[in-house]
1. Per residue, how large is the accessible surface of the range 138-251? Use a 1.4 angstrom probe and give square angstrom.
2. Step by step: find N for the range 108-251, compute 2.2 N^0.38 Å, then divide the Cα radius of gyration by it. What's the final number?
3. How much accessible surface area, in Å² rounded to 10, belongs to the heavy atoms of Val189 with a 1.4 Å probe?
4. With all protein chains present, calculate the accessible area of Asp243 using a 1.4 Å probe and round the result to the nearest 10 Å².
5. When the gyration tensor of the range 119-194 is built from Cα positions, what are the square roots of 5 times its three eigenvalues, in whole Å, from largest to smallest?
6. Determine the distance separating the Cα centre of the range 105-146 from the Cα centre of the range 175-251; give it in Å without decimals.
7. As a test question: what accessible area, to the nearest 10 Å², does Met140 have when a 1.4 Å probe is rolled over all protein chains in place?
8. Need one number: nm distance between label points at Ala249 and Arg68, each 7 Å from Cα along Cα→Cβ, rounded to one decimal.
Amino acid sequence: MQEQGEAAMERVKRAAGKAKATSTPSPVLPARLDAAAQRRAFEGLKARKNDPDIKKRARADIAAARERLAAERDAASRRIAQALGLEQPEQAALAGAVSSDVGKRWVPVLFVSSSIPIETLRTYAGQLERAGGVMAFRGMPGGMRQVAPMAKLSAAILRRDPGCEGPACAMRDVQLIVDPLVFRQHGVVRVPALAMIPGDPTRPYCERDDASPRAAHLVQGDAALSGLLEEYGRLGGREEVRDALAHLARR
């Protein structure tokens, strides 16, 4: 082992000495291109002919992509506005869903606020779904310029499964509107409150005025929707709440 180790050390020494004796060539910069060659290359690029059909197709594809993007953006904006009650749904979507005697109907409108616990709002949403009612907010959390907080609150209220996340979650069939005008029309100062409004209370408030149809009574108090409807009937609105109570009683 000692002899082999000494031999190995000798080989290492010889290899190190050989590496030191070998000179490493210095890096050499590439020679500068000839000015004439550069000029010929640029002239060749300029002289190359472009296919006009390719340009035409590229412009058409860009224009079509921009149109699709604008259409998708407008559609998304309309869906958000309709969900928040800021825009009237398309007439085609309403065909067959609104009866011809819409003026004779009274819609339960429950006035609420984002300060109400989310579990209470979820309970009201389930009751309004059966009664065919609407949930109304005076404004949006964070102000009218910020849609995201209201969209998040709406999803939390309407989501059937509170633990579900994502766009595939099942939602309750309840209209949520943001309408400061309807609050002012009915003098709502505390929530929750209930009014039976004739016609379609989900029309955008920008299309209505203070002369729009309003409820004959206003019931305020922290109670179940059935209790609010029954109190409204005792105030003289039995006809207005009859259908809503019948729907609410069904399971």
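The values are calculated or read from the model by the stated rules, or taken from the named source; none is laboratory data. Quick caveat, the model's predicted, so the values are computed rather than measured. All Cβ positions, even for glycine, are placed from backbone atoms using ideal geometry, and neighbour counts span all protein chains on display. Calculation scope for accessible area: heavy atoms of the full protein, side chains included, ligands and nucleic acids excluded. Shrake-Rupley method; radii C 1.70, N 1.55, O 1.52, S 1.80 Å.
1. Working: 6340 Å² over 114 residues.
Value for the range 138-251: 56 Å² per residue.
2. Values: Rg = 14.8 Å, N = 144, 2.2 N^0.38 = 14.5 Å.
Dividing the Cα radius of gyration by 2.2 N^0.38 Å gives 1.02.
3. Ignoring ligands and nucleic acids, Val189 comes out at about 130 Å².
4. 90 Å²
5. Details: eigenvalues 97, 54, 18 Å².
In descending order the semi-axes read 22, 16, 9 Å.
6. So the two Cα centres are separated by 11 Å.
7. 20 Å²
8. It works out to 5.4 nm between the two label points.
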